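Read through the structure below, which is laid out as structure tokens, and then see the notes.
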Amino acid sequence: GPPILNVSTPDGLAEESQQATFNLINKLNKTQLEKYQDPEIQTRIASFEMAAKLQVSAPELMDLSQESQETLDLYGCKPEQASFARACLLARRMVQRGVRYINIFHSGWDAHSNVLENHTKYCRRTDLPIAGLLTDLKARGLLRDTLVIWGGEFGRMPMSEQGTGRDHNPWGYSVWLAGAGVRGGMAHGATDPVGLRAEQNKVHVHDLHATILHALGIDHEKLT
């Protein structure tokens, strides 16, 4: 299917018709902007213009034939296959092109049964691409200006869930940050001896958000 949803021109719509629609929308928005001087209208115009640029630039972005075999191997990526590795490589290409926020995810970790098989399988699918992304960003001088955040919505209980699975654990789990001036090689905080609850240097989600915003150059106190 399409590499990015809702970017291609719909079937049956000629390029001339689409451009005429763009021109009309732009003219109406600018007329409204001149009349009301509302900054939200300017924001809307900028949003539409960005969407139009995306439609033009997306095909080149998604063309991985430009990447060397060495780079593909670094991520464990096969360009013709949809995978987490492909998503990580596309994330690097987006960073290069000035995309400001990128979210990639890997689903399937809901190991309520057979946690060993589940996590072993998914770690094998994600560890190499994540390491490849960090290595690639650093080699290209992009990591110093890019904040990479890794995490999930919860951890796993240390005890069995009536068998070989583990239930959700909202009380103690890990998130890591890399790049953007974050100090590497440091672990902050720890869970209790069995890994159930955060015990040392607990980090509230508000503090994590404040740290992320600080790394992005934003004062979180101006948003509260």
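The values are calculated or read from the model by the stated rules, or taken from the named source; none is laboratory data. These figures come from a predicted structure and were not determined experimentally. Here the Cβ is made from the backbone with ideal geometry for all residues, glycine too, and neighbour counts use every protein chain on show. Accessible surface is based on the protein model in full, side chains and every heavy atom, while ligands, DNA and RNA are left aside. Shrake-Rupley method; radii C 1.70, N 1.55, O 1.52, S 1.80 Å.
Looking at (1) among the polar types (S, T, N, Q); (2) open to solvent by less than 30 Å² (accessible area, probe 1.4 Å); (3) under 19 Å from the mean Cα position of the chain (by Cα), which is the only condition Ser83 fails?
Ser83 satisfies all of (1) among the polar types (S, T, N, Q); (2) open to solvent by less than 30 Å² (accessible area, probe 1.4 Å); (3) under 19 Å from the mean Cα position of the chain (by Cα) except (2).
How many of the residues making up the stretch 170-200 are closer than 27 Å to Lys138 by Cβ and free of Cβ contacts under 8 Å to residues at least 40 places away in the same chain?
Taking the stretch 170-200 as the starting set, the residues that turn out to be closer than 27 Å to Lys138 by Cβ are 173-189.
Restricting the remaining residues to those that are free of Cβ contacts under 8 Å to residues at least 40 places away in the same chain gives 173-177, 180-189.
So the count comes out to 15.
Taking the criterion of being modelled with pLDDT of 95 or more, under 14 Å from Leu142 (Cα atoms) and not hydrophobic (A, V, I, L, M, F, W, C), would at least one residue in the stretch 109-128 satisfy it?
Taking every residue of the stretch 109-128 in turn, none turns out to be modelled with pLDDT of 95 or more, under 14 Å from Leu142 (Cα atoms) and not hydrophobic (A, V, I, L, M, F, W, C).
When you check Arg100 against the structure, is it loosely packed, with under 13 Cβ neighbours inside 10 Å, of a type in the set (D, E, K, R) and either touching a Pro at 6+ places or on another chain (Cβ under 6 Å) or at pLDDT 90 or above (or both), yes or no?
On the way: loosely packed, with under 13 Cβ neighbours inside 10 Å: yes; of a type in the set (D, E, K, R): yes; either touching a Pro at 6+ places or on another chain (Cβ under 6 Å) or at pLDDT 90 or above (or both): yes.
So Arg100 fits the description; yes.
Scanning for something touching a Lys or Arg at 6+ places or on another chain (Cβ under 8 Å) and more than 25 Å from Gly163 (Cα to Cα), does the stretch 121-136 turn up at least one residue?
Of the residues in the stretch 121-136, the ones touching a Lys or Arg at 6+ places or on another chain (Cβ under 8 Å) are 133, 136.
Next, only the ones that are more than 25 Å from Gly163 (Cα to Cα) stay: 133, 136.
Yes, the conditions are met somewhere in the stretch 121-136.
Determine whether the stretch 24-32 contains at least one residue that is within 34 Å of the chain's Cα centre (by Cα), at pLDDT below 95 and closer than 27 Å to Met62 by Cα.
no
Considering only residues that are over 17 Å from Leu133 (Cβ atoms) and either touching a residue at least 24 places away in the same chain (Cβ under 8 Å) or touching a helix residue (DSSP H, G or I) at 6+ places or on another chain (Cβ under 7 Å) (or both), which ones fall in the stretch 63-114?
Gly108, Trp109, Ala111, His112, Ser113, Asn114
Hey, among the residues in the stretch 9-48 that are touching a residue at least 12 places away in the same chain (Cβ under 8 Å) and either among the aromatic types (Phe, Trp, Tyr) or closer than 28 Å to Arg93 by Cβ (or both), which one's surrounded by the fewest Cβ atoms within 10 Å (Cβ to Cβ)? Give the steps one after another, and end with the answer.
Going through the stretch 9-48, the residues touching a residue at least 12 places away in the same chain (Cβ under 8 Å) turn out to be 9, 22, 25-26, 29-30, 33, 41, 44-45, 48.
From the residues that got through so far, the ones that are either among the aromatic types (Phe, Trp, Tyr) or closer than 28 Å to Arg93 by Cβ (or both) too are 9, 22, 44-45, 48.
On the way: Thr9: 11, Phe22: 14, Arg44: 15, Ile45: 16, Phe48: 14.
Result: Thr9.
Of the residues Leu61, Leu54, Leu5, only one is under 19 Å from the mean Cα position of the chain (by Cα), aliphatic (A, V, I, L, M) and loosely packed, with under 10 Cβ neighbours inside 10 Å; which? So that I can check it myself, show each step before the final result.
On the way: Leu61 fails: loosely packed, with under 10 Cβ neighbours inside 10 Å; Leu54 fails: loosely packed, with under 10 Cβ neighbours inside 10 Å.
Sole residue among the options that is under 19 Å from the mean Cα position of the chain (by Cα), aliphatic (A, V, I, L, M) and loosely packed, with under 10 Cβ neighbours inside 10 Å: Leu5.
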